[in-house]
Structure formats: C-alpha cells, structure tokens
Amino acid sequence: QVQLVESGGGLVQAGGSLRLSCAASGRISSINVMGWYRQAPGKQRELVTTITSAGRTNYADSVKGRFTISRGSAGNTVYLQMNSLKPEDTAVYYCCAISLTMNYWGQGTQVTVSS
C-alpha cells in the first residue's frame, strides 16, 4: 500500500503562485510514476502533470510553461510549482502514484484562483 498526503493549496489572486507538495509513504519502491490531477466543479478529473522515476515529465497543454513538477531528493515527495495562475486553474488537486498494479490517490487539496 502507498499513502499520499498533499499540502499547499489555498486562495490566490490571478497571476499569483502556489506550491503543492505530496509526500508518499508505504511501499514507495513500487511506484513508477507520480503526478497531479485536478477536478473542477461539474467537470471530470483531468491530468495536470506526471513525472516518472527516471525524471521524465509530461504536462497538460493548459499548464505548459506555467506549472513545474519536481521530485524531492529522497524520491518520495513530489512538488507542483504553479505560476501565473488563472481562475480556470481553480479545482481540487489530487496527487497520484502509479505502480504496475495500482493507482493511489491523495485526499485532494483545494486551489482557488480569484480574478
């Protein structure tokens, strides 16, 4: 099992920045990919960004150039630096960890961007 705990959400004005953190514990050696998804009210959950154990990253077009995913040196923490935030970035952001057999999810953290 893998447990994920997110932190760092909050309220920010458009154009501002936030940094989300996700700490993984448990069987972290089984994790191949970690990333962030988000879900806005009335919308489906969507991919924001992922990072592989080798450091390869992938971003949704809507966040390219504004968001950056990174991993801590111990490999069990991922960060999402969000710059130039827009009101449409408002959503609950979920950390995910993907192994060969399971997808694990955090509890989610609210990000609200005011115009």
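Out of all the residues in the stretch 70-112, which are touching a Lys or Arg at 6+ places or on another chain (Cβ under 6 Å) and of a type in the set (Val, Ile, Thr)?
Scanning the stretch 70-112 gives a single hit, 78.
Does the stretch 68-96 hold any residues that are in contact with a Ser or Thr (Cβ under 6 Å, 6 or more places away or on another chain) and either open to solvent by 50 Å² or more (accessible area, probe 1.4 Å) or closer than 28 Å to residue 27 by Cβ (or both), and which are they?
Within the stretch 68-96, 69, 79, 81, 83, 87, 93 meet the criteria.
Regarding residue 13, is this residue touching a Lys or Arg at 6+ places or on another chain (Cβ under 6 Å), in contact (Cβ under 8 Å) with a residue 24 or more places away in the chain and open to solvent by 30 Å² or more (accessible area, probe 1.4 Å)? Walk me through it before giving the result.
Details: touching a Lys or Arg at 6+ places or on another chain (Cβ under 6 Å): no; in contact (Cβ under 8 Å) with a residue 24 or more places away in the chain: yes; open to solvent by 30 Å² or more (accessible area, probe 1.4 Å): yes.
When the stated conditions are applied, residue 13 does not pass them.
Only residues in the stretch 74-97 that are touching a residue at least 60 places away in the same chain (Cβ under 8 Å) and small (Gly, Ala, Ser) count as the first member; pair them with residues that are open to solvent by 10 Å² or more (accessible area, probe 1.4 Å) and part of a loop (DSSP other than H, G, I, E, B), Cβ under 8 angstrom, at least 6 apart or cross-chain, and list the lot.
These pairs meet every condition: 84/15; 84/17; 84/66; 97/31.
Could you check how many residues of the stretch 3-36 are modelled with pLDDT under 95 and of a type in the set (Lys, Arg)?
Residues meeting the conditions: 1.
If I filter the stretch 61-115 down to residues being at pLDDT below 95 and small (Gly, Ala, Ser), which single residue comes out as nearest to residue 40 (Cα to Cα)?
115
Of all residues in the stretch 25-64 being basic (Lys, Arg) and more than 14 Å from residue 80 (Cβ to Cβ), which is least open to solvent (accessible area, probe 1.4 Å)? It would help to see each step written out before you state the result.
The initial filter retains those residues of the stretch 25-64 that are basic (Lys, Arg), namely 27, 38, 43, 45, 56, 64.
Retained after the next criterion (residues that are more than 14 Å from residue 80 (Cβ to Cβ)): 27, 43, 45, 56.
Numbers: 27: 151, 43: 136, 45: 93, 56: 175 Å².
So, considering only residues that are basic (Lys, Arg) and more than 14 Å from residue 80 (Cβ to Cβ), the one least open to solvent (accessible area, probe 1.4 Å) is 45.
The values are calculated or read from the model by the stated rules, or taken from the named source; none is laboratory data. The model shown is predicted, which means the values in this text are computed figures rather than measured ones. Heads up, the Cβs are rebuilt from the backbone with ideal geometry, glycines too, and the neighbour counts pull from every protein chain shown. Keep in mind that these areas ignore ligands, DNA and RNA; they rest on the heavy atoms of the full protein, side chains included. Shrake-Rupley method; radii C 1.70, N 1.55, O 1.52, S 1.80 Å.
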